[in-house]
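A.B. asks: Dumping the structure here so I can ask a few things about it.
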Amino acid sequence: MSEYTYQDSEYKKRLRNEVLEKSITVAEQKKQAVNARKIFLNTTKPIDERLEAAKSMGNFTEPADIKKALAIFRDENQPEIIRSYAFSSVAGLVLSDEALMQDAIDALKAGEGEGQIALSALRILQLAEISSPDMMERHTASFKDALRTVVDHKNKNLRSIALEILAMEKDEFAQRRLLESLENKGEELIEPEVAIQFLAYDLHANYYPVLRQIAQNPPNQIAKREALRNLGTDVESKDMLLETVMNPEEDPEMRHAAVTALITQAPELAVDSSKRIIIEENGEHLDELKTALLNTLVYTEKRATSDRPENLFLETVSAESFNQELQRLKVSPGSAELKEMIDIYLNNR
Amino acid sequence: MNQGIIIRINDRAGTKKHTDYVGWGPRPAWVRQISPTSTLSVTLRNNGLLNGGRVTFFPSINGRPDMLSPSNQLSNITLPASSDQETNWVQFFIAGEFNQTTGRGAVSSRDKDTGVGVYDSSTNALLYTKSLMVRVRKNANRLTATERRDFLEAIMILNTNQGVTFPWKNLQDMHLPTTSREIHGRSCFLPWHRAYLLNLERDIQALEVSQSNGTVKSYAHVTIPYWDFFTTAQNMFTRDFLGFPDSAGVVQFNASNPLINWQTNLSGTDVVILGPKLRRAHRLQNSSSFPWNPSNTGTPIFTLGGQWSTFTRTQNGTINDYSDYRRFALGVSSSNLPGLETSPHGGAHVSWGGPIMRVGWSPADPLFFMLHCNIDRLWTMWQWLTPGYRFNPSDTNSYDRQGFGGTGTVPSSSTKGNYTEDTLWPWDGDDQAPRPSQANWGGLPASPTVSAPGPIPRLKQMIDYHAQYSQNPADHLGFDYEDIPLDYPRRN
């Protein structure tokens with residue numbers, strides 16, 4: 001590079017000027033932030049004024065400010081929301097300070113009041129998982145313990161994040177509580193449709209009875225859809241899934257969810273059922289379902305048949321006649337999306 | 001039209017497929033007559049489709065581009081009369097045309113919409129046109145419907161079990177809780193993820209799908225789009241692209257969106273579950289301290305501008321707070337000053353519920369790669385915009401850990417994988433401590449357009465990604481961003 005020089009282009013100059021202009025704004029913001037911090041840290045000021053200041057005070061970087069912010073965070077006489085803001089404003093320190101990380105875990109576990117402080121602590125700990133994996137690793141056990149403690153917290157948001165993290169970790173305590181939540185209506189930790197998703201991070205066979213129950217007697221349609229989708233490996237659900245797929249009275253979204261589940265255990269059956277729906281059932285109200293089924297066939301049909309070459313492919317609809325029927329469907333009245341998907345399907349044969 | 005002329009780009013031998021792609025860094029090209037009877041003087045000019053991409057030409061000096069002479073045409077090139085195919089090539093270089101005044105590049109919007117026309121210098125008659133593409137990474141929010149569709153199809157194919165291989169699952173398995181310390185929380189965070197993005201992009205570009213009419217659909221023109229999370233991305237989080245979560249946090253797609261078939265394949269999950277099971281909930285919409293505006297569907301709350309804090313850093317702050325790599329990437333946590341890894345990177349991840357919020361699960365969501373594409377773009381923006389540049393791999397301001405890393409039992413800031421001369425796991429196949437215990441996915445996929453970095457990349461090769469420092473086309477990694485050009489030098 002030494003034999004050359006570079007001259008800033010107009011583009012770069014313009015970007016730098018924009019940066020400069022923004023820097024001026026940032027400088028003003030920082031000046032405002034200094035004032036905001038003074039107000040926020042002044043415990044004699046009215047709460048509303050301090051909360052308003054919190055919105056623009058940003059990070060605390062001066063040692064004296066940090067000390068005061070930590071004192072506020074630890075002061076049980078300070079309002080919960082103020083303590084929550086105080087901790088968020090020193091979040092970066094948690095990434096390198098073992099004691100503060102433990103403070104964050106303790107604050108999460110304590111779950112004081114409405115859970116605001118615990119939520120702030122949890123956010124900081126989530127960032128630490130990304131940026132300080134080595135430190136977080138040393139605190140894994142106490143972090144999980146704190147998460148388990150707050151799964152019963154009245155703050156739903158806090159409960160939900162804690163449950164999801166634990167479910168991802170295949171935590172048996174959280175899995176048991178989620179299952180109980182599904183089984184005991186009225187004592188739900190979290191909505192059933194969300195609980196099913198969390199359990200699906202690590203599906204176990206003992207979940208199937210309750211999932212079947214939800215699929216057949218659902219508290220709501222989303223829960224039914226999620227239950228159906230996660231019964232793909234349950235052999236006992238095969239008939240129910242097929243029944244759902246082939247039931248013309250069923251909600252199209254449920255039918256597609258059932259097809260995708262069926263692919264897992266009976267791919268040939270799922271492919272054949274999909275093809276039958278596409279060519280045998282009529283009505284514009286089915287265009288979206290047909291589009292989705294064709295879309296799924298594009299990515300799964302070859303696999304469904306090639307995975308089991310030793311089996312005679314259950315084929316009540318031959319490939320040739322199916323393609324001919326698609327050509328007919330393409331020139332019939334119907335949605336543009338369906339016709340486009342027919343082209344994509346046929347092109348991929 | 002073809003009057004016995006041939007042009008080859010990136011591969012003079014013509015043995016590779018899908019070589020006709022350029023970015024902002026000059027790429028080698030060759031022109032010759034096929035069956036010459038006499039010498040021929042030709043001029044090379046743009047001759048692509050209307051609104052297609054355009055290229056800039058560079059003469060060749062000793063096999064390198066003459067960076068001091070970029071031009072919109074190469075005049076009076078003499079094509080020899082020799083019938084020896086090995087010796088009658090004339091080399092030149094081409095790069096995508098970038099207007100340094102407006103800041104806009106003449107990028108392609110579809111494959112092969114750019115053309116290099118070969119004109120007879122004496123008659124100005126068009127003798128031949130070579131089609132190619134100015135291929136760069138673009139803002140996902142501004143993709144055309146076709147660009148969107150091609151990207152979604154490509155990642156869906158990779159997310160489909162292909163018998164013995166399952167490319168997307170391999171990518172996920174490189175980015176697990178058990179590998180996190182190798183790739184996060186230390187300086188290599190940015191170079192490692194640059195190679196990781198390249199792995200996916202090259203997997204995409206190698207895809208070919210046979211069509212019923214006997215043709216083959218290639219995805220060589222597809223790049224990873226970036227999610228600019230500092231602005232609203234109203235065209236991204238829609239049912240026909242990245243999807244939009246329902247009230248339960250399950251991402252919903254249109255019936256024709258390939259992602260309707262997405263498999264999350266979470267780490268350690270043996271069972272593959274089909275269907276739109278992807279979870280991406282706006283996790284914190286109920287938080288009073290960080291209110292989320294539901295109409296602002298493109299911006300996660302932790303990267304919203306306006307506040308200056310760990311959680312809410314602006315693009316301006318990200319790029320301009322620091323001029324040295326260490327603070328830029330990692331910040332100074334002991335002073336409560338965040339670097340890029342924590343904010344906006346970490347903030348963007350934890351703005352959501354679902355796999356995207358956690359290190360070991362996040363690549364289950366295709367949004368992960370678009371998020372990281374923007375993180376990588378912010379790094380390139382910083383490298384390019386910081387006075388004096390930050391592309392020199394030997395400069396501690398460009399990268400703080402020089403030389404070779406040491407041994408140890410677990411990855412740390414002082415162990416291998418974190419230093420410029422180190423090879424990068426897992427492409428180096430090193431599964432011994434301090435490295436993670438699995439590294440059997442093979443080398444970094446090759447590209448037909450560039451040779452760098454090779455199957456076993458060294459960390460330093462990730463830094464000067466389009467040869468701004470070295471000026472050597474052989475160092476180009478084969479990707480570029482639409483808004484970050486290569487600067488052309490002047491003679492001292």
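The values are calculated or read from the model by the stated rules, or taken from the named source; none is laboratory data. Predicted model only: the values in this text are computed from it and were never measured. So basically every Cβ, Gly included, is an ideal-geometry build from the backbone, and we count neighbours across all protein chains shown.
A.B. asks: Every residue in the stretch B:336-363 that is of a type in the set (Val, Ile, Thr) and crowded, with 24+ Cβ neighbours inside 10 Å, please.
C.D. replies: B:342, B:350, B:356
A.B. asks: Could you check the stretch A:123-168 and list, in sequence order, the residues that are free of Cβ contacts under 8 Å to residues at least 24 places away in the same chain and more than 8 Å from chain B (Cβ to nearest Cβ)?
C.D. replies: Passing the criteria: A:140, A:141, A:166.
A.B. asks: Let me ask something else. Between A:196, A:190, which is over 24 Å from residue A:256 (Cβ atoms), within 12 Å of chain B (Cβ to nearest Cβ) and touching a Phe, Trp or Tyr at 6+ places or on another chain (Cβ under 9 Å)?
C.D. replies: Being over 24 Å from residue A:256 (Cβ atoms), within 12 Å of chain B (Cβ to nearest Cβ) and touching a Phe, Trp or Tyr at 6+ places or on another chain (Cβ under 9 Å) holds for just one of A:196, A:190, which is A:190.
A.B. asks: Just checking, does the stretch A:240-257 include any residue being in a helix (DSSP H, G or I), touching an Asp or Glu at 6+ places or on another chain (Cβ under 8 Å), hydroxyl-bearing (Ser, Thr, Tyr) and away from chain B (no Cβ under 12 Å)?
C.D. replies: For the stretch A:240-257, residues in a helix (DSSP H, G or I), touching an Asp or Glu at 6+ places or on another chain (Cβ under 8 Å), hydroxyl-bearing (Ser, Thr, Tyr) and away from chain B (no Cβ under 12 Å): present.
A.B. asks: So which residues in the stretch B:92-142 are under 30 Å from residue B:240 (Cα atoms) and aliphatic (A, V, I, L, M)?
C.D. replies: Hits for the stretch B:92-142 are B:106, B:107, B:132, B:133, B:134, B:136, B:140.
A.B. asks: While we're looking at this one, here's another question. Examine the stretch B:208-222 for a residue that is of a type in the set (Phe, Trp, Tyr), under 19 Å from the mean Cα position of the chain (by Cα) and crowded, with 18+ Cβ neighbours inside 10 Å, and state whether such a residue exists.
C.D. replies: There is at least one residue in the stretch B:208-222 that is of a type in the set (Phe, Trp, Tyr), under 19 Å from the mean Cα position of the chain (by Cα) and crowded, with 18+ Cβ neighbours inside 10 Å.
A.B. asks: Would you be able to say whether some residue in the stretch B:117-130 is within 30 Å of residue A:297 (Cβ to Cβ) and surrounded by 20 or more Cβ atoms within 10 Å (Cβ to Cβ)?
C.D. replies: No; the residues of the stretch B:117-130 include none that is within 30 Å of residue A:297 (Cβ to Cβ) and surrounded by 20 or more Cβ atoms within 10 Å (Cβ to Cβ).
A.B. asks: Residues being more than 7 Å from chain A (Cβ to nearest Cβ) and assigned to a helix (DSSP H, G or I): count how many of those fall in the stretch B:349-364.
C.D. replies: Qualifying residue count for the region: 5.
A.B. asks: For the stretch A:214-226, what are the residues that are assigned to a helix (DSSP H, G or I) and more than 12 Å from every other protein chain (Cβ to nearest Cβ)?
C.D. replies: Listed by number, the residues that qualify are A:214, A:215, A:216.
A.B. asks: State yes or no: is residue B:155 surrounded by 22 or more Cβ atoms within 10 Å (Cβ to Cβ), within 12 Å of chain A (Cβ to nearest Cβ), of a type outside the set (D, E, K, R) and within 23 Å of residue B:260 (Cβ to Cβ)?
C.D. replies: yes
A.B. asks: Also, quick follow-up: When you look at residue A:120, is it part of a helix (DSSP H, G or I), within 26 Å of the chain's Cα centre (by Cα) and surrounded by fewer than 20 Cβ atoms within 10 Å (Cβ to Cβ), yes or no?
C.D. replies: no
A.B. asks: From the set of residues in the stretch B:93-146 that are among the charged types (D, E, K, R) and more than 21 Å from the chain's Cα centre (by Cα), which is farthest from the other protein chains (Cβ to nearest Cβ)?
C.D. replies: The extreme case among them is B:120.
A.B. asks: Of the residues in the stretch B:24-66, how many are of a type in the set (A, V, I, L, M, F, W, C), part of a strand (DSSP E or B) and under 25 Å from the mean Cα position of the chain (by Cα)?
C.D. replies: 4
A.B. asks: Still on this structure, I have one more. In this structure, does residue B:418 turn out to be part of a loop (DSSP other than H, G, I, E, B) and within 14 Å of chain A (Cβ to nearest Cβ)?
C.D. replies: yes
A.B. asks: Would you mind stating whether residue A:134 is at pLDDT 95 or above and either surrounded by fewer than 22 Cβ atoms within 10 Å (Cβ to Cβ) or outside any helix (DSSP H, G or I) (or both)?
C.D. replies: no
For (1) part of a loop (DSSP other than H, G, I, E, B); (2) at pLDDT below 95, each residue gets a yes or a no:
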| site | (1), (2) |
| --- | --- |
| B:177 | yes, yes |
| B:187 | yes, no |
| B:191 | no, no |
| B:201 | no, no |
| B:209 | no, yes |
| B:230 | yes, yes |
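A.B. asks: Report whether or not residue B:439 is in the same structural domain as residue B:170 (by TED's automatic domain parsing), closer than 30 Å to residue B:19 by Cα and under 20 Å from the mean Cα position of the chain (by Cα).
C.D. replies: no
A.B. asks: Any chance you could count how many residues in the stretch A:271-293 are more than 9 Å from chain B (Cβ to nearest Cβ), assigned to a helix (DSSP H, G or I) and out of contact with any Phe, Trp or Tyr (no Cβ under 9 Å at 6 or more places or on another chain)?
C.D. replies: Residues meeting the conditions: 8.
A.B. asks: Looking at B:99, B:88, B:139, can you tell me which residue is farther than 22 Å from residue B:44 by Cβ and not aromatic (Phe, Trp, Tyr)?
C.D. replies: One residue alone meets the criteria, B:139.
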